[in-house]
Amino acid sequence: MTVRPILIHPDPRLKKVAEPVTAITDELRATAADMLQTMYEAPGIGLAAPQIGLLKRMLVMDCVKDPDLPARPMVLINPEVVWASESTNTYEEGCLSIPDQYADVVRPAEVRVRWTDLEGAAREEHFTGLWATCVQHEIDHLNGRLFIDYLTPLKRQLITRKMEKLKRERARM
Ligand code: NI
C-alpha cells in the first residue's frame with residue numbers, strides 16, 4: 001500500500017465530474033487500499049478518488065472516531081444518494097484538499113446511499129450523523145463540488161487565496 005499525494009485546492013481536477021467505474025479490477029482494489037491508507041494517515045474520515053487525481057466515481061470513508069471501537073473502512077464505488085431526509089444537520093466541515101480550513105455546512109441529516117462494493121455486489125445503507133455528512137461531502141467530490149462551494153463567494157475567495165499561498169509555500173520547500 002502507498003500513501004498517495006492529496007491534491008490541494010485550487011486544482012482543475014477537483015472541479016471535474018468523475019467518470020463511473022465500469023470494471024472492478026485488481027488495480028482498482030489496490031487504489032482503494034492506497035486511498036484508505038492515505039485517508040488514515042492524513043488523518044481524515046473520508047477521501048474521494050479525484051483528490052488523488054483519479055477521476056473515477058469511488059470514495060473511501062471511516063467515521064468511527066472512538067479509538068476503543070473497531071475501525072470500519074468502507075469503499076463505495078459509483079455511490080448514489082437514493083433518498084435524503086427533509087431534516088437537516090449543520091456540521092463544521094473540513095477537507096483534506098483544503099487543509100486547516102473549517103466552515104459550517106447544512107446538509108440533509110440522513111441519506112440512503114446505493115453503491116457497488118469491491119466484490120461487485122450492490123449495497124445500500126441508511127446513513128445518519130457524521131456518516132451522513134461525510135458520505136454527502138465525498139459524493140460531492142465526485143461531482144466536482146467542494147464544501148466551500150456552499151459558502152458565500154467572499155468566504156470561498158478568502159479560503160482559496162489562503163490555499164494558493166499554501167501551495168506556493170509548499171512549492172518552495
Ligand atoms: Ni473533502
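A few points about this structure:
- Accessible area per residue (1.4 Å probe, heavy atoms of protein chains only) ranks Val3, Val75, Val60 as Val3, Val75, Val60, with the largest value leading.
- Shape box of region 1-133 [Cα atoms, principal axes, largest first, Å]: 39, 36, 34
- Extension gain, Glu86-Glu124: 0.36 nm per intervening residue step, less the Cα-Cα distance, totals 11.7 nm.
- Dipole size of region 12-172 about its Cα centre, with +1 on Lys/Arg Cβ and -1 on Asp/Glu Cβ: approximately 960 debye, rounded to the nearest 20.
- FRET efficiency estimate (nearest 0.05) - Cβ-Cβ, Asp149 to Glu19, R0 22 angstrom: 0.60
- The loop-placed trypsin sites (Lys or Arg not before Pro) in region 59-133, going by DSSP, that have at most 15 neighbouring Cβ atoms within 10 Å of their Cβ come out as Lys65.
- Share of Cα-Cα pairs in region 69-173 lying beyond 21 Å, as whole percent: 44 percent
- Cross-link reach list, aspartates and glutamates versus Lys15, counting only Cα pairs under 12 Å and skipping chain neighbours closer than eight places: Asp140, Asp149
- Surrounding net charge for Thr22, when Lys and Arg each add one and Asp and Glu each subtract one, Cβ distance under 12 Å: +1
- Charge tally around Glu86: other residues with Cβ under 14 Å, Lys/Arg +1 each, Asp/Glu -1 each, net +1.
- Built amide H within the under 5 Å cut-off of Ala109, gap 5+: Ser85, Ser87, Thr88, Asn89
- Sequence-distant lysines (8 or more away, or on other chains) whose Cα lies within less than 18 Å of Lys16: Lys56
- Region 50-129: GluC sites (Glu not before Pro) falling in loop per DSSP and having at most 16 other Cβ within 10 Å: Glu86, Glu119
- Carbon + sulfur, % of accessible area of the chain - ligands and nucleic acids excluded, 1.4 Å: 52 percent
- Cleavage-rule hits, trypsin sites (Lys or Arg not before Pro), region 129-166, DSSP coil, Cβ neighbours within 10 Å at most 10: none
- Karplus (6.51, -1.76, 1.60) ³J(HN,Hα), θ = phi - 60°, over region 131-138, in Hz, Gly and Pro reported as x: 4, 5, 4, 4, 5, 5, 4, 6
- For Gln101, the residues whose amide H sits under 5 Å from its own are Cys95, ignoring neighbours fewer than 5 places away on the same chain, with H placed 1.01 Å from N.
The values are calculated or read from the model by the stated rules, or taken from the named source; none is laboratory data. Here the structure is a predicted model, which is why all the values come from computation and not from measurement. For neighbour counting, all protein chains shown are included, and Cβ atoms are generated from backbone atoms with ideal geometry for every residue, glycine included. Heavy atoms of the whole protein, side chains included, go into the accessibility calculation; ligands, DNA and RNA do not. Shrake-Rupley method; radii C 1.70, N 1.55, O 1.52, S 1.80 Å.
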